[in-house]
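First the structure, in the form of structure tokens, and then the observations on it.
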Amino acid sequence: MSISNHTFVLVLVLILSYGSSLIWSKNVYIWNDLMPNVTLKIHCKSADDDLGEHIIPYKQNWNWNFQLNFFFTTLFWCNAEWIDPATEHVVGASFVAYEREHMLKDWTSQCYECIWSMRQDGLYHSLPWGEEGFRFAYPWGYGMQNLV
């Protein structure tokens, strides 16, 4: 191998070692934007990691970060629930919080900071990187028929 080939290989190894954490590192935030005095219960997991159940007060968030797996097939899904004070009924949804394949095909694009806002009228996801705001993603009740 020539010196230029060695240099190329060294640079490639450095990029894959250190640069991959920038490319493969993801942060997911779940915000409770429901209404004052209403808490949000959230339980998120992947095939490998159960992140447990968390109670999020109004205008607060819970978040986690992770590295994409080697094949970029990382998937996190969440169950979200809250009690509607007007009806005292449990309102919930089961949704994909992060899936690279879904993010590439969908309007959410490649999120590095994946931000979810849970609101009275549904679940909202942050717009693609570089844009501000949120877009409606799922209604309450979404995915609940598949839960046992």
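The values are calculated or read from the model by the stated rules, or taken from the named source; none is laboratory data. Note that this is a predicted model, so its numbers are computed, not measured. Cβ placement follows ideal geometry from the backbone for every residue including glycine, while neighbour counts extend to all protein chains displayed.
Points worth noting:
- Screening the candidates 52, 92, 122 for the property of being within 17 Å of residue 134 (Cβ to Cβ), small (Gly, Ala, Ser) and modelled with pLDDT of 95 or more yields one hit, 122.
- Selection within the range 55-85: residues that are outside any strand (DSSP E or B) and modelled with pLDDT under 95. The member of this set that is nearest to residue 113 (Cα to Cα) is 68.
- Residue 140 being surrounded by 14 or more Cβ atoms within 10 Å (Cβ to Cβ), at pLDDT 95 or above and closer than 13 Å to residue 29 by Cα: no
- Residue in the range 34-47 that is more than 20 Å from residue 120 (Cα to Cα), among the polar types (S, T, N, Q), under 16 Å from the mean Cα position of the chain (by Cα) and not in a loop (DSSP other than H, G, I, E, B) present: no
- Within the range 95-119, considering residues that are assigned to a helix (DSSP H, G or I) and surrounded by 13 or more Cβ atoms within 10 Å (Cβ to Cβ), the one modelled with the lowest pLDDT: 103
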